[in-house]
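Worksheet for the structure shown next.
The values are calculated or read from the model by the stated rules, or taken from the named source; none is laboratory data. Keep in mind the model is a prediction, meaning the values are calculated, not measured. Here the Cβ is made from the backbone with ideal geometry for all residues, glycine too, and neighbour counts use every protein chain on show.
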Amino acid sequence: MRSSDRPFAALAAAVCGLTYLVGLLMYATIFAGADLDAAGVPSIRTIAFIVTHSGALRLWYFSIYVVNGLALLMLVLALSERNAPLWRRWITGVGFVWSALVIAAGLVAVVALASLPEIYRSAPSDAARHWHIATSLIEGIGGGTELLGALWVLGIATGSALVPAQKGLAVVVGTAGVLTLHPALAEAGGAVFGIGFMGLFFWIAVTLWPRCNWQSIKA
């Protein structure tokens, strides 16, 4: 990694970690007990909660998807290796696709939440179906399984961008992401993937920060 890239990589990794942390804290406090992850068409009670907290939910989705995806895109670029063999360039491409889908999922959520209160006022049952369709799209595009993120993090674990201990955590995170493909393991795998990735993002930021040459940004 070029010295001029390290400040951007450190900031991107820190932002990725912070969006995960903010998302987790909001989910555990503001949205606790709301049954947001229930399968099928949500109940009228759940839709009423979502409408009441639509502003906070829009902020939540924007943070963990759009902001995270933009920062992730910069981190993928920073950790890519120039003159790498084809399969490693393919891993970088997977990271680009993952970042784009994460951003797209967040934009779908923000747009769907913006129109939900008006639909709810006229027909609560229609609002429930509207949100069910929206969440299906969100999950399908960027949140249902973690295969792309798993492939990318397993790929960078084989490169030179991470220190050995970070590579070990990356393998754990990547394996957990692959497990989300199995319905019975999806919840546990997703939890390990999310919390593990949050730790890895912060770890990368902490590792890079002391080696950052901030004057090189002006060059």
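Looking at (1) crowded, with 16+ Cβ neighbours inside 10 Å; (2) at pLDDT 95 or above, which is the only condition Val97 fails?
Status for Val97: all satisfied but (1).
Specify which of the listed residues (Gly159, Gly155, Gly106, Gly174) is surrounded by fewer than 17 Cβ atoms within 10 Å (Cβ to Cβ) and either in a helix (DSSP H, G or I) or not aliphatic (A, V, I, L, M) (or both).
Gly159
Against the condition within 30 Å of Ile44 (Cα to Cα) and either touching a Gly at 6+ places or on another chain (Cβ under 9 Å) or outside any loop (DSSP other than H, G, I, E, B) (or both), how does Thr207 come out, does it pass?
No: the conditions fail for Thr207.
Any residue in the range 115-127 that's surrounded by 13 or more Cβ atoms within 10 Å (Cβ to Cβ): show its pairings with residues that are among the aromatic types (Phe, Trp, Tyr) at Cβ separation under 7 Å, as long as the two are six or more apart or on different chains.
Going by the 7 Å Cβ cut-off, the qualifying pairs are Leu116/Trp131; Ala127/Tyr120.
Please go through the range 124-149 and give me each residue that is aliphatic (A, V, I, L, M) and under 20 Å from the mean Cα position of the chain (by Cα), ordered by number.
Ala134, Leu137, Ile138, Ile141, Leu147, Leu148 - these are the residues of the range 124-149 that are aliphatic (A, V, I, L, M) and under 20 Å from the mean Cα position of the chain (by Cα).
Can you confirm whether the range 130-140 contains a residue that is of a type outside the set (A, V, I, L, M), touching a residue at least 40 places away in the same chain (Cβ under 8 Å) and surrounded by fewer than 18 Cβ atoms within 10 Å (Cβ to Cβ)?
yes
Does the range 90-112 include one or more residues that are over 26 Å from Glu146 (Cα atoms), more than 14 Å from the chain's Cα centre (by Cα) and of a type in the set (Gly, Ala, Ser)?
Within the range 90-112, not a single residue is over 26 Å from Glu146 (Cα atoms), more than 14 Å from the chain's Cα centre (by Cα) and of a type in the set (Gly, Ala, Ser).
Can you pull out every residue in the range 24-51 that is under 23 Å from the mean Cα position of the chain (by Cα) and modelled with pLDDT of 85 or more?
Leu24, Leu25, Met26, Tyr27, Ala28, Thr29, Ile30, Phe31, Ile50
Consider Ala48 carefully, then state whether it is touching a residue at least 40 places away in the same chain (Cβ under 8 Å), surrounded by fewer than 17 Cβ atoms within 10 Å (Cβ to Cβ) and either touching a Gly at 6+ places or on another chain (Cβ under 6 Å) or in a helix (DSSP H, G or I) (or both). Before you say what the answer is, go through the steps one by one.
Details: touching a residue at least 40 places away in the same chain (Cβ under 8 Å): yes; surrounded by fewer than 17 Cβ atoms within 10 Å (Cβ to Cβ): yes; either touching a Gly at 6+ places or on another chain (Cβ under 6 Å) or in a helix (DSSP H, G or I) (or both): yes.
Answer is yes for this residue.
Could you say whether any residue in the range 72-95 is touching a residue at least 12 places away in the same chain (Cβ under 8 Å) and closer than 30 Å to Ile119 by Cβ?
There is no residue in the range 72-95 that is touching a residue at least 12 places away in the same chain (Cβ under 8 Å) and closer than 30 Å to Ile119 by Cβ.
Being touching a helix residue (DSSP H, G or I) at 6+ places or on another chain (Cβ under 6 Å), under 20 Å from Tyr65 (Cα atoms) and without any contact (Cβ under 8 Å) to a residue 60 or more places away in the chain narrows it down to one of Ala157, Ala205, Ala100, Ala176, so name that one.
Ala176
Determine whether Ala188 is in a helix (DSSP H, G or I) and among the aliphatic types (A, V, I, L, M).
On the way: in a helix (DSSP H, G or I): yes; among the aliphatic types (A, V, I, L, M): yes.
Taking the combined requirement at face value, the residue satisfies it.
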